[in-house]
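Reading through the structure tokens given below for one structure.
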Amino acid sequence: MLKTARQVRAALSLLNPEEVRGRATRPIAVGLVATSDSGYRELENFLIPEAVAPHTRASSLATVHRAGDRDAAPQVDLVLYEAGLPCPAGAFPHRPDDPAATVAEILGVHEELSLALARRFPVFRKTVVERIVQTVSRENGLFAVATALPNVVPSLFELPWAFSEFASDTAFLTVNQIRMAFLIAAASGNEVGFSKQKLQIASIVASAFGWRAIARELAGKIPLGAGLIPKGAIAYTGTFVVGQGLARYHNGMK
């Protein structure tokens with residue numbers, strides 16, 4: 001346990017919350033096209049509901065530009081069209097009856113903007129956070145299985161970030177969950193970093209050894225390598241549970 005704790009501490013040095021913060025706070029501009037003032041307000045309310053705190057809403061609306069406005073940005077990252085208008089290639093139609101479809105279509109094309117969109121526009125937040133949780137849970141499940149098989153890690157999949165060879169599977173899973181905590185905080189519009197999220201990080205580290213013990217106990221009871229299946233499942237489930245808890249925590253801060 002002490003060895004693993006030292007590896008977790010060492011592996012934490014490889015995390016870069018500044019990179020996550022930079023992706024979430026990068027400048028972004030959204031163009032709107034509508035036929036009337038009410039049409040523009042509908043698009044704006046889709047992105048930033050009126051229930052959002054006034055100062056937060058004003059800050060987000062500053063990044064949204066109506067077509068033809070004198071102070072509109074000369075270039076935007078994406079364009080949203082009012083429902084019913086012909087929508088050219090590269091732009092996105094607003095679907096008031098199915099906002100999730102609009103969100104999914106935009107994120108499908110602009111995944112690189114997901115953190116920035118979620119941080120500024122609440123309509124993207126739930127979907128982006130769910131994708132973060134699913135992605136990191138899947139990474140951890142795959143890693144838990146792959147580390148028990150020779151020569152699989154480099155060829156099975158490419159990790160989005162890497163540890164040195166000192167990192168045990170528990171260290172990797174734990175620090176990847178902390179990375180997930182940074183991503184969820186960023187997408188939720190909250191502060192990111194070790195000092196800002198120390199209670200969340202402490203909770204993740206504390207729970208890691210419990211999940212590790214459960215995985216080893218189950219894996220040890222199943223012969224002929226079949227224990228890899230519960231090991232991977234527990235790594236996935238443990239990460240998913242942590243992610244859901246973080247999502248509820250940050251949602252409750254609003």
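The values are calculated or read from the model by the stated rules, or taken from the named source; none is laboratory data. Worth saying up front: this structure is predicted, and the values here are computed from it rather than measured. Note that each Cβ is placed from the backbone with ideal geometry, even for glycine, and that neighbours are counted across all protein chains shown.
I'm checking my understanding of the structure. Among residues of segment 36-45 that are without any contact (Cβ under 8 Å) to a residue 40 or more places away in the chain and within 17 Å of F124 (Cβ to Cβ), which one is surrounded by the fewest Cβ atoms within 10 Å (Cβ to Cβ)?
Per the criteria, the residue is N45.
Restricted to segment 62-115, and to residues that are under 26 Å from V20 (Cα atoms) and in contact with a Ser or Thr (Cβ under 6 Å, 6 or more places away or on another chain), which residue is surrounded by the fewest Cβ atoms within 10 Å (Cβ to Cβ)?
Ranking the qualifying residues of segment 62-115, first place goes to L107.
Answer with yes or no whether A118 is surrounded by 13 or more Cβ atoms within 10 Å (Cβ to Cβ), at pLDDT 95 or above, part of a loop (DSSP other than H, G, I, E, B) and hydrophobic (A, V, I, L, M, F, W, C).
The answer is no for A118.
Restricting attention to segment 46-72, which residues are without any contact (Cβ under 8 Å) to a residue 24 or more places away in the chain, farther than 17 Å from N251 by Cβ and part of a loop (DSSP other than H, G, I, E, B)?
Within segment 46-72, E50, A62, G68, D69, R70, D71 meet the criteria.
Report yes if some residue within segment 84-100 is part of a helix (DSSP H, G or I) and either touching a residue at least 60 places away in the same chain (Cβ under 8 Å) or of a type in the set (A, V, I, L, M) (or both); otherwise report no.
Of the residues in segment 84-100, the ones part of a helix (DSSP H, G or I) are 99-100.
Checking which are either touching a residue at least 60 places away in the same chain (Cβ under 8 Å) or of a type in the set (A, V, I, L, M) (or both) leaves us with 100.
There is at least one residue in segment 84-100 that is part of a helix (DSSP H, G or I) and either touching a residue at least 60 places away in the same chain (Cβ under 8 Å) or of a type in the set (A, V, I, L, M) (or both).
Among the numbered criteria (1) surrounded by 20 or more Cβ atoms within 10 Å (Cβ to Cβ); (2) modelled with pLDDT under 95, which single criterion is violated by V205?
Single failed check for V205: (1).
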